[in-house]
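Colleague: Before we start, here is the structure in question, set down as structure tokens.
The values are calculated or read from the model by the stated rules, or taken from the named source; none is laboratory data. Quick caveat, the model's predicted, so the values are computed rather than measured. Glycine gets a Cβ as well: all are built from the backbone with ideal geometry, and neighbour counts include every protein chain shown. Accessible surface areas use protein heavy atoms only, side chains included; no ligands, DNA or RNA. Shrake-Rupley method; radii C 1.70, N 1.55, O 1.52, S 1.80 Å.
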Number of protein chains: 4
Amino acid sequence: MPHALPPRLVSLADYERAASEVLDPGALSYIAGGATDEVTLQDNVAAWRRLALRPRILVGVGRRDPSVELLGVRRPHPLLIAPMAFQGLVHGDGEIATARAAAASSTIMCLSTLATTSPEALAEAVPDAPRWFQLYVFADRGVSRDLVARAVEHGYEALVVTVDLPVFGLRERELRSGVGSAHAERVPIAAAAGASGAMTAAGFAELVDPDLRWSDIEQFAAESSLPVLVKGILTAEDARRAVAHGVSGVIVSNHGGRQLDTVLSGADALPAIADAVGDQLDVLVDGGIRRGTDVVKALALGARAVLIGRPVLWGLAVDGAPGAQRVIETLLTELDNALALAGSPQASSLDATFVTPAPWPDQRR
Amino acid sequence: MPHALPPRLVSLADYERAASEVLDPGALSYIAGGATDEVTLQDNVAAWRRLALRPRILVGVGRRDPSVELLGVRRPHPLLIAPMAFQGLVHGDGEIATARAAAASSTIMCLSTLATTSPEALAEAVPDAPRWFQLYVFADRGVSRDLVARAVEHGYEALVVTVDLPVFGLRERELRSGVGSAHAERVPIAAAAGASGAMTAAGFAELVDPDLRWSDIEQFAAESSLPVLVKGILTAEDARRAVAHGVSGVIVSNHGGRQLDTVLSGADALPAIADAVGDQLDVLVDGGIRRGTDVVKALALGARAVLIGRPVLWGLAVDGAPGAQRVIETLLTELDNALALAGSPQASSLDATFVTPAPWPDQRR
Amino acid sequence: MPHALPPRLVSLADYERAASEVLDPGALSYIAGGATDEVTLQDNVAAWRRLALRPRILVGVGRRDPSVELLGVRRPHPLLIAPMAFQGLVHGDGEIATARAAAASSTIMCLSTLATTSPEALAEAVPDAPRWFQLYVFADRGVSRDLVARAVEHGYEALVVTVDLPVFGLRERELRSGVGSAHAERVPIAAAAGASGAMTAAGFAELVDPDLRWSDIEQFAAESSLPVLVKGILTAEDARRAVAHGVSGVIVSNHGGRQLDTVLSGADALPAIADAVGDQLDVLVDGGIRRGTDVVKALALGARAVLIGRPVLWGLAVDGAPGAQRVIETLLTELDNALALAGSPQASSLDATFVTPAPWPDQRR
Amino acid sequence: MPHALPPRLVSLADYERAASEVLDPGALSYIAGGATDEVTLQDNVAAWRRLALRPRILVGVGRRDPSVELLGVRRPHPLLIAPMAFQGLVHGDGEIATARAAAASSTIMCLSTLATTSPEALAEAVPDAPRWFQLYVFADRGVSRDLVARAVEHGYEALVVTVDLPVFGLRERELRSGVGSAHAERVPIAAAAGASGAMTAAGFAELVDPDLRWSDIEQFAAESSLPVLVKGILTAEDARRAVAHGVSGVIVSNHGGRQLDTVLSGADALPAIADAVGDQLDVLVDGGIRRGTDVVKALALGARAVLIGRPVLWGLAVDGAPGAQRVIETLLTELDNALALAGSPQASSLDATFVTPAPWPDQRR
């Protein structure tokens, strides 16, 4: 029997609605929530709509090519799956299902340090999933070094060091619902770091070293055989420091609006960063990408690729690996359409002349 | 018995409401819908309201003259009926009824390539309707050349080449409702292009050549005995290319918000284009014109004329030819009033000093 | 028995609500309505809220002086009652009641050409009401000349020539409700101009000469023993023409949003006009004044005085002359408070340093 | 039994809701209301959200230090409790309870002239509460001089002269509800100034001298053994005058939106003032602080400290001294989190590079 999804799942917003119906309230509040007033959470999505496209006509768009070069490697398209913790809360197959979707869609998956699947188990279960490893640097550096070694050994192609969680954000949905806890034994790396028993996400976060500094990053980059990206950068000043400290890429991100509220969205922080360092390292962006046109705008503003977060979890919640895959493919279909209609059949040819500040007001729903 | 319309049909918005009550859901979703999130669809209307008028007083407005010169011909007013496919879905008389409204109001009608009436049948049924022909260039160029020949032969005075549909927009209302299909045999030109059976609008769109280029347009313009206009232009860069490639006019348009979402409205794209090329060819605009004041603003910003789309279909749906005619006449009455109160009794004397960015916020309903 | 008003009538907005309960629907739609989409109607009120006050402290505000100099005469405060037609529709005593409120509050009342009371009757009934006469110039100039003579004879101190009604605005509330008509015999001047029977406001408007020009105004000003003000000016260009053609003052006005929709509010049009001609003639403004702080803002932007329109009718509807008087006194109380708290105890000392564009978004209700 | 608060009281907004349920309508309208249309009242909160944070990463934030130097004294954190009248209306323990919360959280409390507790009684009941005294200067200067002497004697460390109440604001909630009165005998200082019987807040306000001038302030500052701060300043011009007249600090404030409506919020008025005089005296700000991120923004814009008003009363209403304390501690927890995530572990190191105008629209709730 072919796998049939309800026909109403046309857009990513449809998946969001469907996921909110199937997820248990605790997992939903963990996934959906943001910090304090959720200003940034909402703005991550809204910010892309504050950009208008400037399409060109009559350029010949019969064949479109969404491929991009990322860390020196040509990739079939500019989408990655963002690192997200505890995917076992969303679907029984957890990160394995996500990896299957990644493999099927040739999408790089970033495995979270706080995954409910170990890096080895994932690599073994879905060896053909393109994969990067996301690193939280723990106060116990030995744990982190060990993690990196395991990632190198099991085919992870890059390290994404998340730097915007020195302390845990004030996520009031979690505080109110009292949920969002997971068992440390389900989070292999956390267990390795000495955690045990049921812990909230905030509890896991306490393992992270709040005193991490640029010098640590430089050392990581120097020691690592893998390219190192810093995730969680929002200013050009810090992007220039990233260049100075030898990283291969930066991911413009506010952690999905989950850490410090009222910071800029990726869409708004990106241009200054891409202008400052885009010719010296790879700039990626995440946060609020919901449409193929959002991807076009991100590339036009100087990103080499974009990370997709919650939408993949929505697909996962709705239908496991096929759901996550279909979310990504929906975005890729939209991207293909947008490249054609924007008159830039090569994704890698997009530039700032394709976007302009939108004259319309914010159109959040 | 005189034809009595309910007195509440005072404004075009009234016709919109009335049409939504009489149209079947499939036709309604086809007509009313736009691409993906419909940001541009909504903004087409809203953008005109973001412009304020700067009226002059005491200039003597006892006689108003709405006439404009268009492609070198003096026309009694600046309204045209935009090309719109499948008008047979809206009213049994389809394009014939629209043509009758056009003839009665001295309005140029643009017949769509995807009309449910052939160019010959229309010309024969309503020979006194001023008419232009809208051309989708099919991959099979012979079909297009044949179409042009038939248009020339049957009194169409200009060719409007639509260039913003190399691929079909992602119109989710249609995807969700599953409607919007028509039988190829009801679309004479599509049938001539080899289509058959029931097809969605997207299906018809696949006949269009996605690889059309400026050089093709130049060739069309050179070969054609009729003036050629390019419809679907949104940037000054492309407007300059239009000049370079020998066309007689450009229509600033985003295809009624149905192709690429989050592009600029006609109102917002017009000024830069009119500034760039308004003295070299005729600039027209469509999208969201709902009031006589909108027409005044378009002319003040440099358009020679404006195309009216959905409102004509609303009139058609409500009452066939008389309904469509009354929609146009409502706009003309409003235009006359606006010319008097703006203190520019000659429509052709409007200039940029009559408009200014509105200080009020967006006022969409 | 003392005249007791319900205690809830604290602000002008309270009077608006109360009036909407007591007025018949026809009169209400006539008073409350504006042109077409009522964008300008709403913005007249909202625009004052888009200005922020910059108060000063510790200047000594124990005694406040709201007086202003207007047409060379010191007036006790900067409020006037705007000319408004057909006040007999609002209250049985019509303009006479309004004049009583004017007399009691030392407010100049502008009697409308289309009043339901003749200039003589008003002057005789309330001889101590300070009064100006508003003139519509009819196609039959003899009628207008006669009117001016009668105004001069009966103590009207200035002529306000309304110039923004060469044709009647498209007031859709009236078109929809089918009301707003009055009997010509109740409008003495209209009857004098040859009107008879029941007429809509639009019908009366047809008596007005649409071909009035600056040269006519100049002639009026030259011939008149009274100062002439032009009402309905919205641009600095026209304000400069007013200076050149010898008028004594201009009233920045969009006719209460009833004529051409989407023109600027008085608040937004005022600064450029005051900057251009404020040192050469008196600039007044009307439209949307609802608070003492609005009056302060108008004066700070260069107006010498402000005209109050609909709020006076609300007071009239609620309670006749005492109601209208209380509306004016409410505004005067608020003005006094605002002068104290803004730190400008002399109304005539306000200047542009007391206002700044508001950082907040539009706050319409 | 330990004192258990409902777990839903996570944020200050939760306390606001809870307080609105327990307060009687009269007290609630007195506390919650603002002047006339409450534009400024609402904007006080909204304005902080119109600022975005620009966080830095990898600076080492394991230890945070919220301390600031204020009037030359190092204080453990930058929060103060704003002066607020009649706290006995909110809770039986009134200002005594507030002082207990202040003492427990090392927060400076500003005792209002119109307190329901005398300065002596407060100092005796909670001697370890850090305290400043807020002064309304009465027409009878002897009363004020006596007050200052009593404040000096009882350990108040600074004088806050409120200057934005020369007359009482038009607080329509109070006018409508008819409440907000208190008995003069419950307001010791008012009784000392000659008031007696039940009085509205407006009645008490009439004791204040509306003719206070900068020269009076200068004299106060010269005579006083305590540092003098001027509270209620909104422009750089006046801030420069404050420097010239010898005060030690200014508090940028609009009196909680209760005096003149449509003036700027503290957030919007602060930058120009801090730029003008921040290096010459201490600049504080109040109004609408509801989040730790708001405190960070205030410090980044140049404030040395912030005053918290209504939220303390909400805590007081909900749970007396422990409620007020928990409100302050909630803010301090949020501040600590924000310092870590903004990458400025020292509160006193924040500067203007940490904030930028928000690209999002106003997000009021």
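Colleague: So B:Arg364 ticks every box in (1) closer than 21 Å to B:Gly33 by Cα; (2) at pLDDT 95 or above; (3) within 14 Å of chain C (Cβ to nearest Cβ) but one. Which box is left unticked?
Modeller: With respect to (1) closer than 21 Å to B:Gly33 by Cα; (2) at pLDDT 95 or above; (3) within 14 Å of chain C (Cβ to nearest Cβ), B:Arg364 is out only on (2).
Colleague: Let me ask something additional. What's the number of the condition A:Val45 fails, among (1) closer than 26 Å to A:Val228 by Cβ; (2) among the β-branched types (Val, Ile, Thr); (3) not in a loop (DSSP other than H, G, I, E, B)?
Modeller: Condition (1) is where A:Val45 drops out.
Colleague: Under 6 Å by Cβ, and 6 or more places apart or on different chains, what pairs join a residue from segment D:56-71 that is facing another protein chain (nearest Cβ under 7 Å) with one that is open to solvent by 50 Å² or more (accessible area, probe 1.4 Å) and basic (Lys, Arg)?
Modeller: Short answer, once both residue conditions are applied: D:Leu58/A:Arg213; D:Gly60/A:Arg213.
Colleague: Please count how many residues of segment D:193-228 are surrounded by fewer than 17 Cβ atoms within 10 Å (Cβ to Cβ), aliphatic (A, V, I, L, M) and within 24 Å of the chain's Cα centre (by Cα).
Modeller: At the first step, the residues of segment D:193-228 found to be surrounded by fewer than 17 Cβ atoms within 10 Å (Cβ to Cβ) are D:194, D:196-198, D:202, D:206, D:211, D:213, D:215, D:219, D:222-223, D:225.
Next, from what is left, pick out any that are aliphatic (A, V, I, L, M): D:198, D:202, D:222.
Then keep just the ones that are within 24 Å of the chain's Cα centre (by Cα); that gives D:202.
The qualifying residues number 1.
Colleague: Also, quick follow-up: Got at least one residue in segment C:240-248 being crowded, with 24+ Cβ neighbours inside 10 Å and in a helix (DSSP H, G or I)?
Modeller: yes
Colleague: While we're on this one: Among the residues of segment B:93-104, count how many are open to solvent by 10 Å² or more (accessible area, probe 1.4 Å) and more than 14 Å from B:Asp319 (Cβ to Cβ). Walk me through it before giving the result.
Modeller: First, the residues of segment B:93-104 that are open to solvent by 10 Å² or more (accessible area, probe 1.4 Å): B:93, B:96, B:100, B:103-104.
Of the ones still in play, those that are also more than 14 Å from B:Asp319 (Cβ to Cβ) are B:96, B:103.
Adding up the residues that qualify gives 2.
Colleague: Has segment B:284-291 got any residue that is touching a strand residue (DSSP E or B) at 6+ places or on another chain (Cβ under 6 Å), of a type outside the set (Ser, Thr, Tyr), within 21 Å of A:Leu53 (Cβ to Cβ) and crowded, with 24+ Cβ neighbours inside 10 Å? Before you say what the answer is, go through the steps one by one.
Modeller: Residues of segment B:284-291 touching a strand residue (DSSP E or B) at 6+ places or on another chain (Cβ under 6 Å): B:284-286, B:289.
So of that shortlist, the ones also of a type outside the set (Ser, Thr, Tyr) come out as B:284-286, B:289.
In the following step, the residues that additionally are within 21 Å of A:Leu53 (Cβ to Cβ) were identified as B:285-286.
Now restrict to residues that are crowded, with 24+ Cβ neighbours inside 10 Å: B:285-286.
Yes, some residue in segment B:284-291 is touching a strand residue (DSSP E or B) at 6+ places or on another chain (Cβ under 6 Å), of a type outside the set (Ser, Thr, Tyr), within 21 Å of A:Leu53 (Cβ to Cβ) and crowded, with 24+ Cβ neighbours inside 10 Å.
Colleague: So, in segment A:148-170, exactly how many residues are among the aliphatic types (A, V, I, L, M) and assigned to a loop (DSSP other than H, G, I, E, B)?
Modeller: So the answer is 5.
Colleague: Just a yes or no: is a residue in segment C:3-19 modelled with pLDDT of 95 or more, among the aliphatic types (A, V, I, L, M), more than 29 Å from D:Ser265 (Cβ to Cβ) and surrounded by fewer than 19 Cβ atoms within 10 Å (Cβ to Cβ)?
Modeller: no
Colleague: While we're on this one: Out of C:Pro311, C:Pro322, report the one residue that is in a helix (DSSP H, G or I) and open to solvent by 20 Å² or more (accessible area, probe 1.4 Å). Write out each step before concluding.
Modeller: Details: C:Pro311 fails: open to solvent by 20 Å² or more (accessible area, probe 1.4 Å).
Of the residues listed, the single one that is in a helix (DSSP H, G or I) and open to solvent by 20 Å² or more (accessible area, probe 1.4 Å) is C:Pro322.
Colleague: Okay, moving on. Go through (1) assigned to a strand (DSSP E or B); (2) in contact (Cβ under 8 Å) with a residue 40 or more places away in the chain for B:Arg74 and report which single condition fails.
Modeller: (2)
Colleague: Select from segment C:229-239 the residues that are among the acidic types (Asp, Glu) and open to solvent by less than 10 Å² (accessible area, probe 1.4 Å) and list them in ascending order. Spell out the reasoning first.
Modeller: First, pick out the residues of segment C:229-239 that are among the acidic types (Asp, Glu): C:237-238.
Hit for segment C:229-239 is C:Asp238, nothing else.
Colleague: So for segment D:250-260 (the condition being more than 12 Å from chain C (Cβ to nearest Cβ), more than 22 Å from D:Ala47 (Cβ to Cβ) and at pLDDT 95 or above), does at least one residue qualify? Please lay out each step first, then the result.
Modeller: Looking only at segment D:250-260, we keep the residues that are more than 12 Å from chain C (Cβ to nearest Cβ), and these are D:256.
Still in the list and also more than 22 Å from D:Ala47 (Cβ to Cβ): none.
Checked segment D:250-260: no residue is more than 12 Å from chain C (Cβ to nearest Cβ), more than 22 Å from D:Ala47 (Cβ to Cβ) and at pLDDT 95 or above.
Colleague: Can you give me the number of residues within segment D:177-197 that are at pLDDT below 75 and outside any loop (DSSP other than H, G, I, E, B)?
Modeller: 6
Colleague: Suppose we filter segment A:109-128 for residues that are surrounded by fewer than 21 Cβ atoms within 10 Å (Cβ to Cβ) and closer than 23 Å to A:Thr330 by Cβ; how many remain?
Modeller: 1
Colleague: Still on this model: Checking A:Phe204 against (1) in contact with a helix residue (DSSP H, G or I) (Cβ under 6 Å, 6 or more places away or on another chain); (2) modelled with pLDDT of 95 or more, which test does it fail?
Modeller: Every condition holds for A:Phe204 apart from (2).
Colleague: Let me ask something else. So which of D:Leu170, D:Leu135, D:Leu175, D:Leu159 is within 13 Å of chain C (Cβ to nearest Cβ), buried (at least 24 other Cβ atoms within 10 Å of the Cβ) and of a type in the set (A, V, I, L, M, F, W, C)?
Modeller: Values: D:Leu135 fails: within 13 Å of chain C (Cβ to nearest Cβ); D:Leu175 fails: buried (at least 24 other Cβ atoms within 10 Å of the Cβ); D:Leu159 fails: within 13 Å of chain C (Cβ to nearest Cβ).
D:Leu170 is the lone residue from the list that is within 13 Å of chain C (Cβ to nearest Cβ), buried (at least 24 other Cβ atoms within 10 Å of the Cβ) and of a type in the set (A, V, I, L, M, F, W, C).
Colleague: Let me ask you something else. Please specify each residue of segment A:97-132 satisfying the condition of being in contact with a Cys (Cβ under 9 Å, 6 or more places away or on another chain) and without any contact (Cβ under 8 Å) to a residue 40 or more places away in the chain. Please lay out each step first, then the result.
Modeller: At the first step, the residues of segment A:97-132 found to be in contact with a Cys (Cβ under 9 Å, 6 or more places away or on another chain) are A:131-132.
Of everything in segment A:97-132, just one residue is in contact with a Cys (Cβ under 9 Å, 6 or more places away or on another chain) and without any contact (Cβ under 8 Å) to a residue 40 or more places away in the chain, namely A:Arg131.
Colleague: Among the listed residues B:Leu264, B:Leu270, which satisfies the condition of being hydrophobic (A, V, I, L, M, F, W, C), open to solvent by 20 Å² or more (accessible area, probe 1.4 Å), under 21 Å from B:Ala47 (Cβ atoms) and under 17 Å from the mean Cα position of the chain (by Cα)?
Modeller: Values: B:Leu270 fails: open to solvent by 20 Å² or more (accessible area, probe 1.4 Å).
The match here is B:Leu264.
Colleague: Is it fair to say C:Asp294 is farther than 28 Å from C:Ile31 by Cα, touching a residue at least 40 places away in the same chain (Cβ under 8 Å) and not small (Gly, Ala, Ser)? Break it down into steps so the answer makes sense when it comes.
Modeller: Numbers: farther than 28 Å from C:Ile31 by Cα: no; touching a residue at least 40 places away in the same chain (Cβ under 8 Å): yes; not small (Gly, Ala, Ser): yes.
Judged against the criteria, C:Asp294 is not a match.
Colleague: Right, next: Do we have B:Gly62 as in a loop (DSSP other than H, G, I, E, B), open to solvent by less than 40 Å² (accessible area, probe 1.4 Å) and closer than 22 Å to B:Gly287 by Cβ here?
Modeller: Values: in a loop (DSSP other than H, G, I, E, B): yes; open to solvent by less than 40 Å² (accessible area, probe 1.4 Å): yes; closer than 22 Å to B:Gly287 by Cβ: no.
So B:Gly62 does not fit the description; no.
Colleague: Could you tell me whether any residue of segment C:266-275 is at the interface with chain B (Cβ under 10 Å from one of its Cβ atoms), aliphatic (A, V, I, L, M) and either touching a residue at least 60 places away in the same chain (Cβ under 8 Å) or part of a strand (DSSP E or B) (or both)?
Modeller: Scanning segment C:266-275 turns up at least one residue that is at the interface with chain B (Cβ under 10 Å from one of its Cβ atoms), aliphatic (A, V, I, L, M) and either touching a residue at least 60 places away in the same chain (Cβ under 8 Å) or part of a strand (DSSP E or B) (or both).
Colleague: Across segment C:301-338, what is the total count of residues that are small (Gly, Ala, Ser) and within 12 Å of another protein chain (Cβ to nearest Cβ)?
Modeller: 1
Colleague: May I pose another question? Could you grab me the full set of residues in segment D:325-365 that are part of a strand (DSSP E or B), closer than 25 Å to D:Gly257 by Cα and polar (S, T, N, Q)? Full working, then the answer.
Modeller: Within segment D:325-365, the first condition is being part of a strand (DSSP E or B), and the residues that meet it are D:346, D:355-357.
Imposing the further condition that a residue be closer than 25 Å to D:Gly257 by Cα reduces the set to D:355-357.
Listed by number, the list holds a single entry, D:Thr356.
Colleague: Considering only segment C:21-41, I want to know if a residue exists there that is open to solvent by 10 Å² or more (accessible area, probe 1.4 Å), outside any loop (DSSP other than H, G, I, E, B) and within 14 Å of chain D (Cβ to nearest Cβ).
Modeller: no
Colleague: Out of (1) in contact (Cβ under 8 Å) with a residue 40 or more places away in the chain; (2) within 26 Å of D:Val61 (Cα to Cα), what's the single condition that is false for D:Leu313?
Modeller: (2)
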